[in-house]
1. Could you identify the single residue in SER153, SER105, SER145 that is within 21 Å of GLN268 (Cα to Cα) and among the polar types (S, T, N, Q)?
2. Considering ARG222, ARG236, which residue is surrounded by fewer than 19 Cβ atoms within 10 Å (Cβ to Cβ), out of contact with any strand residue (DSSP E or B) (no Cβ under 6 Å at 6 or more places or on another chain) and of a type in the set (Lys, Arg)?
3. Hey, among PHE160, PHE205, which residue is within 16 Å of the ligand (Cβ to nearest atom), hydrophobic (A, V, I, L, M, F, W, C) and in contact with an Asp or Glu (Cβ under 8 Å, 6 or more places away or on another chain)?
4. Quick test for you: out of LEU80, LEU36, LEU32, pick the one residue that is under 17 Å from the mean Cα position of the chain (by Cα) and within 14 Å of ALA245 (Cα to Cα).
5. Within the range 95-118, does at least one residue satisfy the condition of being in a loop (DSSP other than H, G, I, E, B), over 28 Å from VAL201 (Cβ atoms), away from the ligand (no atom under 16 Å from the Cβ) and not β-branched (Val, Ile, Thr)?
6. Determine which member of the set VAL188, VAL244, VAL210 is surrounded by fewer than 16 Cβ atoms within 10 Å (Cβ to Cβ) and touching a Lys or Arg at 6+ places or on another chain (Cβ under 6 Å).
7. How many of the residues making up the range 22-60 are more than 20 Å from ILE82 (Cα to Cα), surrounded by fewer than 19 Cβ atoms within 10 Å (Cβ to Cβ) and of a type in the set (A, V, I, L, M)?
8. Among the candidates ILE168, ILE118, which residue alone is among the hydrophobic types (A, V, I, L, M, F, W, C) and at pLDDT 95 or above?
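The values are calculated or read from the model by the stated rules, or taken from the named source; none is laboratory data. In this text the structure is predicted, and so the values were computed from the model without any measurement. Methodologically, a virtual Cβ is constructed for each residue, glycine included, from the backbone with ideal geometry; neighbour enumeration extends over all protein chains shown.
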Amino acid sequence: MIDIQTLTSRIGAEVQNIKIGGDLDAATVQELRRALVEHKVLFFREQDHLTPAEHVAFGRLFGDLETHPFIGAHPNHPELIILRRSPDMRAQRSRSPYGENFWHSDVSWRAEPSFGSILRAVEVPPMGGDTLWADMEAAFAGLSSSIQEALKSLRAVHDFDKSFGPTIAPENKAAMAEKFPPVEHPLVRTNPDTGASVLYVNEPFTSRIVGMETRESDALLRMLFSHASRPEYQCRFSWRPGSVAFWDNRSTQHYACDDFGDETRVMQRITIAGDSPY
Ligand code: SIN
């Protein structure tokens, strides 16, 4: 039996008295998966033993792992990306607007976006650097029924270019666009595990709503982004080295708070393959 402390009434739970890794038995894995679907993001403290290899092995217990085409990975583990923010990265940011301080759902620009993501803190700043998660099922439920009905028939385009475009060398752009063309997903997706409806748009990757004029699409997306960022749908986690977060990427968005000035923050993440949203 795993020991769970919920963080809010909607989203987030800390799992206690567990040492995560690739050697967990099938019953525990099933229990964690069930808890993940219910609480949407699980937190684990004091997992200092989790080496990159163990991080990858833990993720594999939940499905196939992805590699990320635009973010640098660990030299020995191509599935493990390194999210580093430091003064030298900030200097580069003038060339690239991309960071994780946007509300987003990981790789929604893939035809089959990730089911889950597992993030481990390697180096944390002395203050700040929290991550927030939003419950997109609660965000959908918080809309009036007439808007809900209207949204259910809509589809939106998701595209890596909006965020990663400026980071890609011009000579590689065409090949990347061919490999990862813009995809359409329903604006309201169904969580395959629960049948719940989930609002599925995010600011860095959703470029437009299909069949709408640009100004209509922009206005509706702006309203939905703003609605989804209400604090009532959120939980917030303060990292310590060795902390781990595991989120259901189908029913959440997250935001890495860039409030740590010139300090360094290093995280490592794997993503677990998902399926086509419906
Ligand atoms: C991410 O966007 O997947 C990383 C979030 C974080 O670094 O807190």
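1. Every option except SER105 fails the conditions.
2. ARG222
3. PHE205
4. LEU36
5. No.
6. Testing whether each residue is surrounded by fewer than 16 Cβ atoms within 10 Å (Cβ to Cβ) and touching a Lys or Arg at 6+ places or on another chain (Cβ under 6 Å) leaves just VAL210.
7. 6
8. Sole residue among the options that is among the hydrophobic types (A, V, I, L, M, F, W, C) and at pLDDT 95 or above: ILE118.
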